[in-house]
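Structure first, commentary second.
The values are calculated or read from the model by the stated rules, or taken from the named source; none is laboratory data. Everything quoted here is computed from the prediction, not taken from an experiment. Heads up, the Cβs are rebuilt from the backbone with ideal geometry, glycines too, and the neighbour counts pull from every protein chain shown. For accessibility, only protein heavy atoms count, side chains too; no ligands or nucleic acids. Shrake-Rupley method; radii C 1.70, N 1.55, O 1.52, S 1.80 Å.
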Amino acid sequence: MINRPPKDGAGCALYVAPLEAPVSLTVSWRRRSAPEVLEVLEAPERPEQHADAAGIQPGLAARMDFSVKKLASDAGVFFTRAVQFTEEKLGQAEKTELDAHFENLLARADTTKNWTEKIFRQTEVLLQPNPSARIEEFLYEKLDRKIPSRATNGELLGQYMLEAATDFGPGTPYGSTLIKVGECQRRLGGAEREFMQTASVAFLGPLRNFLEGDWRTISKERRLLENRRLDLDACKTRLKKAKAAEAKAAATPDFQETRPRNYVLSASAAALWSEEVDKAEQELRVAQTEFDRQGEVTRLLLEGIGSTHVNHLRCLHEFVEAQAVYYAQCHQYMEDLQKELGSSNGDGFQNIFAVNTSFGSPSAGSPGADALRVEEVKPPPAGTRKAKVLYDYDAADTSELSLLADELITVYTVPGMDPDWLVGEKGNQKGKVPVTYLELLS
């Protein structure tokens, strides 16, 4: 509760009742003279006065006042840049263009970033096709925690085959084969794990470091350069307008004017615009210096993209080497499995698991062509198989059969025939066909 003073100007009691206990104050009211009122009104306000009135420490009030001024200054700079940017888009203001070499560096950097990001993402998909697993690994990396070990698909398949062999009986033909294939799948899964780890360290790591480190620094400096460019062009526009206004104000006045006061006003305006031009020129020099300095910093960073390419080239070689080792291991494991299965099964399965080490196109004619007359060959008692033709093939002689891609033919083998060749039949035609051109279906 506050008691207002009486009209006669006598003293009165003033107290503010807080939550706990009222505090009584006495304020004397008196009239002030006109000079005293003017002195109070004209006295400059200090943040400490408001701080004392609000119960705030003077140092804190000064910092608050500085923050408000800085905020207002930043808002003004942002507004000036926004106006300059808008006028440039509308074609109402000039824009400082970068030199051709600098533009080439910018384009090269953008191309490097875009393709590096695409290669990085697709390599992640290659190494870990499971999106959920990739997200989990990403979260562990951001939390700076160790990624838990996870079995590969090959290792899981091998484990299931071994468990199935235990249920079916290891002594049965099917169970023993499951054990052999399961062990091979586990070895393939282990090789895949080693390849993933090597590729992640040797190839994905440097690409990630570029995208999350070097490129972020380049992007930050490019944004600063663009802001400096907007400030420079805004200063140029301000100087241009100030000079135009100065020239207009400095025009020769009419001395026949009946009111000479106009000449005085014109001279005063010319002096003001001259000061404005000097100020604009000073701001332009400062803006030009800051723009040149930031341009040099950005140029040095962009020129470093060349060393980034050299580093990525070295990492690419390491990735290819790791991939070659991985596929060589897989090929060796599968060859061993084929030999093991071919030697452990009966005669009816020998041709199915025959090892084929030729990956190129077969030579014209097959070994033993003179000793084998294809037209006299009969299908074996073990039966025939269907095969899909993978590529077109033109017969080299009358003993061979021409093939067209995607067609289905019947194939079988006969004793004494080269393992790289089979006897193929389609309709009434019969002849030797290369195994590498076929995909056995059954």
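Quick notes
- Cβ-Cβ FRET estimate between Asn311 and Arg108, R0 fixed at 22 Å, reported to 0.05: 0.90
- Amide hydrogen proximity for Ala395: with H placed 1.01 Å from N in the peptide plane, the residues at 5 or more positions away or on another chain lying under 5 Å are Ser402, Leu403.
- If you plug the beta carbon distance of Gln323 and Tyr391 into 1/(1 + (r/R0)^6) with R0 = 22 Å, you get a FRET efficiency near 0.35.
- Stretching Ser176 away from Asn428 to a fully extended chain increases their span by 86.6 nm, per 0.36 nm per residue minus the current alpha-carbon distance.
- Applied to region 167-183, the Karplus parametrisation 6.51 cos²θ - 1.76 cosθ + 1.60 on θ = phi - 60° returns per-residue 3J(HN,Hα) values of 6, 6, x, x, x, 7, x, 5, x, 5, 5, 4, 5, 5, 5, x, 4 Hz, with x for Gly and Pro.
- Distant-in-sequence amide contacts of Gly431, defined by a placed amide H-H separation under 5 Å and a gap of 5 or more residues or a different chain, comprise Gly424.
- In this simple spin-label model, placing a label point 7 Å from the Cα along the Cα-to-Cβ direction at both Ser149 and Glu281 gives a separation of 7.7 nm.
- With R₀ fixed at 30 Å, the C-beta to C-beta distance from Ala405 to Glu335 puts the FRET efficiency at about 0.65.
- Pair Leu156, Glu87: separation of 7 Å Cα→Cβ label points (nm): 6.3 nm
- For the cross-link pairs Lys118/Lys386; Lys180/Lys432; Lys89/Lys279; Lys95/Lys248, the ones whose C-alpha atoms lie over 31 Å apart are Lys118/Lys386; Lys180/Lys432.
- Listed peptides 189-198, 166-175, 417-426 by packing density, highest first (mean Cβ within 10 Å): 417-426, 189-198, 166-175
- Full extension of the chain segment joining Lys220 with Phe168 gains 12.3 nm, where the gain is 0.36 nm per residue of separation less the Cα-Cα distance.
- For region 414-430, Karplus couplings with θ = phi - 60° (6.51, -1.76, 1.60), whole Hz, Gly/Pro x: 10, x, x, 8, 4, x, 7, 10, 10, 8, x, 9, 8, x, 8, 9, 8
- With all protein chains kept in place, the per residue accessible area of region 124-256 amounts to 61 square angstrom at a probe of 1.4 angstrom.
- Gained length - Glu97 relative to Val201, 0.36 nm times residue gap less alpha-carbon distance: 33.3 nm
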